[in-house]
1. Determine whether the stretch 90-97 contains at least one residue that is surrounded by 20 or more Cβ atoms within 10 Å (Cβ to Cβ), touching an Asp or Glu at 6+ places or on another chain (Cβ under 6 Å) and without any contact (Cβ under 8 Å) to a residue 40 or more places away in the chain.
2. Any idea how many residues of the stretch 25-50 are of a type in the set (A, V, I, L, M, F, W, C), in contact (Cβ under 8 Å) with a residue 24 or more places away in the chain and buried (at least 18 other Cβ atoms within 10 Å of the Cβ)?
3. Please work out which one of (1) touching a residue at least 24 places away in the same chain (Cβ under 8 Å); (2) surrounded by fewer than 16 Cβ atoms within 10 Å (Cβ to Cβ); (3) more than 22 Å from residue 50 (Cα to Cα); (4) of a type in the set (Lys, Arg) is the condition residue 85 fails and give its number.
4. So, of the residues in the stretch 63-82 that are at positive phi and either surrounded by 14 or more Cβ atoms within 10 Å (Cβ to Cβ) or at pLDDT 90 or above (or both), which turns out to be farthest from the chain's Cα centre (by Cα)?
Amino acid sequence: PVFPRISSSTKIEVQSPPNNVPTTTLRNDDIIPLVGLGCASGVRKSHVASALELGYRFIDTAQSYSWGYHEDEVGDAIFESNVDRGEIYLQTKIHPEDLGYEATRRAVETSLTRLKVTYIDSVLIHKPRCWEG
């Protein structure tokens, strides 16, 4: 499907948040929504804020998206929302150049700071050469 481009100034009328989003249970017993917002190129704070208002509770971002700028915007939207942090499944990805114990630890600490949270639900290793799309 082709989705329309939405600019950061687009206003979205919010009805009531859905409470029937399908979920799945991971092997560690975390329950996550099967529908989420991917915060790659072009997704801004206002989009994340609108998604949270609409009932999205799975937010996916990465350090490599605009070299961390998207994590800052996602963090701002979560911080300023009326959604309890515990209701949001937050996932980010570390850059392949940050592999190894110390580098990964620093990368996760950086993401925690940018996202303005005390924990991240899931940290993935971004695909090799993620900058190539």
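1. Yes, the stretch 90-97 has at least one match.
2. Counting residues in the stretch 25-50 that are of a type in the set (A, V, I, L, M, F, W, C), in contact (Cβ under 8 Å) with a residue 24 or more places away in the chain and buried (at least 18 other Cβ atoms within 10 Å of the Cβ) gives 4.
3. With respect to (1) touching a residue at least 24 places away in the same chain (Cβ under 8 Å); (2) surrounded by fewer than 16 Cβ atoms within 10 Å (Cβ to Cβ); (3) more than 22 Å from residue 50 (Cα to Cα); (4) of a type in the set (Lys, Arg), residue 85 is out only on (3).
4. The qualifying residue farthest from the chain's Cα centre (by Cα) is 66.
The values are calculated or read from the model by the stated rules, or taken from the named source; none is laboratory data. This is a predicted model, so every value here is computed, not measured. Heads up, the Cβs are rebuilt from the backbone with ideal geometry, glycines too, and the neighbour counts pull from every protein chain shown.
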